[in-house]
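Novice: Take a look at this one; I'll ask things after.
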Amino acid sequence: MDKSKSTTICDCHPIHNDIIEKVKNVMPNDEKLYDLAELFKVFGDTTRIKILHALSESEMCVCDIAVLLNMKQSAISHQLRVLRQARIVKFRKEGKIVYYSLDDEHIKNIFEQGFSHIEHK
């Protein structure tokens, strides 16, 4: 293969060059798209979704979430760690108790939009 020639992956011919250029000019870079994909991956676990639903209703401690979901505290703590690392939940300490809540309104909006989408018929 001659590397001096450009290789084309798609054998399609552009039909609407103006649209291609318009979209190309606003397309985020690959790093941002990767970060967004990683954010959405975090939402891809049922246990994490249950935790997020609980936290969308009220700030809660690990023990209360564990009781609510009928799971071990260690399993809840693991999932909360994943959610914290993705900046989806935040925590605050009050004495020895750690309370978790959604990180901000963006997370609540993402969660609510997801529900709205699946309930739309």
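Novice: Cβ contacts < 7 Å: first residue in contact (Cβ under 8 Å) with a residue 12 or more places away in the chain, restricted to the range 16-45; second residue surrounded by 10 or more Cβ atoms within 10 Å (Cβ to Cβ) and assigned to a loop (DSSP other than H, G, I, E, B), any location; separation 6+ or different chain. Result?
Specialist: Cβ pairs passing all conditions: 39/86; 42/86; 42/88.
Novice: Next question, about the same structure. Being in a helix (DSSP H, G or I) and aliphatic (A, V, I, L, M) is the filter here; which residues of the range 93-113 pass it?
Specialist: Within the range 93-113, 107, 110 meet the criteria.
Novice: Then there's this: I'd like to verify a number: residues in the range 93-121 that are under 14 Å from the mean Cα position of the chain (by Cα) and more than 18 Å from residue 41 (Cα to Cα), how many?
Specialist: Total satisfying the criteria: 2.
Novice: Checking residue 8 against (1) at pLDDT below 90; (2) under 18 Å from residue 112 (Cβ atoms): exactly one of these is not met. Which one?
Specialist: The one condition residue 8 does not meet is (2).
Novice: Mind checking which residues of the range 89-102 are out of contact with any Leu (no Cβ under 7 Å at 6 or more places or on another chain), within 13 Å of residue 55 (Cα to Cα) and not basic (Lys, Arg)?
Specialist: Within the range 89-102, 91, 99 meet the criteria.
Novice: Continuing with this model, one more query. Condition first: closer than 27 Å to residue 36 by Cα and small (Gly, Ala, Ser). Can you find one or more residues in the range 59-74 that meet it?
Specialist: No, because not a single residue in the range 59-74 is closer than 27 Å to residue 36 by Cα and small (Gly, Ala, Ser).
Novice: Okay, moving on. Can you tell me how many residues within the range 93-121 are among the polar types (S, T, N, Q) and surrounded by 14 or more Cβ atoms within 10 Å (Cβ to Cβ)?
Specialist: Residues meeting the conditions: 1.
Novice: Within the range 16-31, is even one residue part of a loop (DSSP other than H, G, I, E, B) and either on the phi > 0 side of the Ramachandran plot or surrounded by 12 or more Cβ atoms within 10 Å (Cβ to Cβ) (or both)?
Specialist: No, the range 16-31 has no match at all.
The values are calculated or read from the model by the stated rules, or taken from the named source; none is laboratory data. Everything quoted here is computed from the prediction, not taken from an experiment. Positions of Cβ are generated from backbone atoms using ideal geometry, with glycine treated the same way; all protein chains shown enter the neighbour counts.
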